[in-house]
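> The structure follows.
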Amino acid sequence: MSTFHNPVLLKELRSRMRGARAFVVLTAFLLVLAVFTLLLYAVARQRVGSDPLNAGRSIGKALFLGVAAVALVQVMIIVPAQAAGAIAGEKEHETYDLLLATVLPAWEIVLGKLLAALAYAVLLIVAVVPFMALAFLFGGVTATEVLIALLGLLATALLYGSVGIVWSVVSRRTITATVLTQATNVLMLLGIPFLIFPFGSLFLFGTPQLPTWFGFASYPFIYGTGWLLALHPFIALGGAEYVLSSGDTRWFVPMPGTLQAGHQIWIPTPWLAFVLMAVLASALLLTVATHLVRPVPRNRKLPSIK
Amino acid sequence: MPPIIETRDLTKRYGTVVALDRLNLLIPAGAIYGFIGPNGAGKTTTMRILTGLLAATSGQALVAGHDVAREPMRVRRLVGWMPDSFGVYDNMKVWEYLDFFAASMGVPALRRKQLVTELLDLVDLSHKRDAYVMELSRGMQQRLSLARTMAHEPQLLILDEPASGLDPRARIELRELLKELRVMGKTILISSHILTELAEMCTHVGIIERGHLLVSGEVGEVLHALQPHKLVEIRVLARAEQALALLPGLPGVRAARRVAPLPDPVLDPARPADDDGPATLNVDYVGDGTGLSVVFKALAASGVPVVHFAEQSSDLEDMFMQVTQGLAQ
Ligand SMILES: Nc1ncnc2c1ncn2[C@@H]1O[C@H](COP(=O)(O)OP(=O)(O)O)[C@@H](O)[C@H]1O
Ligand SMILES: [Mg+2]
């Protein structure tokens, strides 16, 4: 109940959806998608020219993958940017203390801000639907794939938005929060793939002999690495698409390498792992953010993140 | 009924800076308490502790008997706070601003609609209901801010330098508004570093400097306590010298002197130095009105032609100067 009566959410929705900014961002988002779709279509057509039988399917697939990837990149940029300004903006406008002097609990402020950023993300994601539908019309893409792609976009928005909220609580200025947020996200995008080496070795060698690290091995380590990999939207959602297009729509699958070993470990399929991890990580980040919501010293004498 | 504000040895340190040093403040319900002190005296610090935004280093702060540190939510419902800065949102209309803060204070939606209308009416901003907050003038923003502090109908208003940065007209409007609030039964704690801003509207004053409360109490009492010395102005038609000789011997008179200097016999030879024309005398007197009438009678009885005998009104400004100077030395 209190989610829908959250004054912060209501306030944010009122003022964000007003003004030219929301409109401009949405228009730019759609333009980028449209341009990419056209380019992809042109390229895909040329390439399938020699195989007219499967042309529709290949074009559909290419369009779907292209639209999904472009939408994902855009959501990863726009949503955290929105979230980063959420609380730092209150400090800049000198309304933060006013907010803290009300009877709103910190979690309600944090949640209101996050939901406002997510509402914006939903707007963007809904705008993606017609493009996906186009790919769907060409064939080669299942409804399940489309739905999971949309869910993946939403989970990405949640995860990246939460990162933005944490930095927004810590920083005094929106610009600082934005830089820190985007830096964190780039670091996650570039850093997590390194984990693919221990995990990938499992894929590659797929043997009962598991690699040993510093004397201890193995399943828990690999398992943990897998969960971390699931935090990477491109790896997790790319993996999901790989699994789904092979026709495997199971929610839980045996961990690679354990099938032959005789003692199977069941793990969630990549998209499910991603959604679970996004929800878990966000819950953790938002809890941290809630605890960090406290009045800022007025004088800028004290050392703090500027 | 407990006092609406009470602090007990309230102390706040920022690192090595002592912002408040064992402050004991007592403000009765219904007062308009002028909290006066120069910049950096600790006014804002005190107010932020009272609203629960800042934790004291030691000591206690109570609002209507509730400990600010222990029952922060309860205290917030009792207090309307206006900081020394005005927080504005982009893209927000005047009515939305009030509606938002009322909602954040837990005022139910049904009540808010009417409340916003009432508040806008009170601060004379009904015609700006749909204007954007950012586009209001400074004075209007200040009044909107005041309306915001009352969004949850608190008993106590804590206003941090509300008059600073306002033009004279806006200042007068603010003063009228505060009088209205007092009639509504609100207790108001209002700070300023400029004494004249508050002089006539307060029932109580406290003067703070460098974290120390120098004096505090009803305006009259404080004036009385601070001003045992009265300045009495006497005008005589003649025989000023005789009066000056007589006065120091009378009870309560500390000093007497002629205000206008004697004409210089060299530069102004037309008038002799012992000219016995009209003169103005100043007398430094300690005592009450009855004693003062004795002084007057003695002068008259000795034949001095007194045409004017009046105690100079001492105002808060003098008092402030006197108190803070004493500390600066
Ligand atoms: N966040 C802070 N960090 C360090 N010192 C501070 C801080 N806030 C206030 N002070 C110091 O505390 C003293 C009181 O400040 P303040 O309460 O703002 O005074 P006033 O409101 O009367 O002008 C000043 O000396 C000020 O420099
Ligand atoms: Mg101040």
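Bear in mind these aren't lab numbers, they're just calculated from the coordinates by the rules spelled out. Note that the coordinates shown come from a computational prediction; the quantities given were computed from them, not determined experimentally. Heads up, the Cβs are rebuilt from the backbone with ideal geometry, glycines too, and the neighbour counts pull from every protein chain shown.
> Test of understanding: ordering B:22, A:250, B:182 by Cβ neighbours within 10 Å, fewest first, what list do you get?
A:250, B:22, B:182
> OK, next. Using only the alpha carbons of chain B, what is the convex hull's orientation-averaged projected area in square nanometres?
That works out to 23.3 nm².
> I've got another one for you. Counting partner chain Cβ atoms within 10 Å of every residue's Cβ in B:104-113, what's the average?
3
> Check residue B:19: other-chain or 5+ apart residues with amide H under 5 Å from its amide H, H built from backbone geometry?
Excluding prolines and chain starts, which carry no amide H, the hits are B:12, B:13, B:14.
> Taking the Cα centre of chain B as the origin and placing charges on Cβ (Lys, Arg +1; Asp, Glu -1), which of B:141, B:107, B:308 is farthest toward the positive end of the dipole?
The one lying farthest along the dipole's positive direction is B:107.
> Taking the Cα centre of each part, how many Å lie between region B:11-89 and region B:100-117?
26
> Calculate the dipole size of chain B relative to its Cα centre from +1 charges on Lys and Arg beta carbons and -1 charges on Asp and Glu beta carbons; express the result in debye to the nearest 20.
1060
> In addition: Sort B:187, B:280 by Cβ crowding within 10 Å, fewest neighbours at the top.
Fewest-to-most ranking of B:187, B:280: B:280, B:187.
> In what sequence do A:246, A:171 fall when counting other Cβ within 10 Å, fewest first?
In order of increasing Cβ crowding within 10 Å: A:246, A:171.
> Another one. Counting other Cβ atoms within 10 Å of each Cβ, which trypsin sites (Lys or Arg not before Pro) in region B:28-124 have at most 11 and sit in a DSSP loop?
In loop regions of region B:28-124 (DSSP not H, G, I, E or B), the sparsely surrounded trypsin sites (Lys or Arg not before Pro) are B:70.
> Quick one: of A:61/A:113; B:230/B:297; B:113/B:186; A:11/B:113; A:11/B:179; A:91/B:43, which pairs are farther than 26 Å apart, Cα to Cα?
A:61/A:113; A:11/B:179
> Shifting gears a bit: Report the Cα centroid-to-centroid distance between region B:240-261 and region A:127-149 in angstrom, as an integer.
Between the Cα centres of region B:240-261 and region A:127-149 lies a distance of 103 Å.
> Apply 1/(1 + (r/R0)^6) to the Cβ-Cβ distance of residue A:248 and residue A:133, taking R0 = 30 Å, and write down the FRET efficiency to the nearest 0.05.
0.80
> For residue B:310 and residue B:183, FRET efficiency with R0 = 35 Å and r from the beta-carbon atoms, rounded to 0.05?
Efficiency computed from Cβ-Cβ geometry: 0.55.
> Give a residue-ordered list of calculated ³J(HN,Hα) values for region A:100-112 (Karplus: 6.51 cos²θ - 1.76 cosθ + 1.60, θ = phi - 60°; whole Hz; x for Gly, Pro).
Per residue, the Karplus-derived 3J(HN,Hα) values read 6, 7, 7, 8, 5, x, 4, 5, 6, 5, 4, 5, x Hz.
> Positive end of the charge dipole of region B:5-218 (Lys, Arg +1 and Asp, Glu -1 on Cβ, about the Cα centre): tell me which of B:157, B:27, B:16 has its Cα farthest that way.
Of B:157, B:27, B:16, it is B:16.
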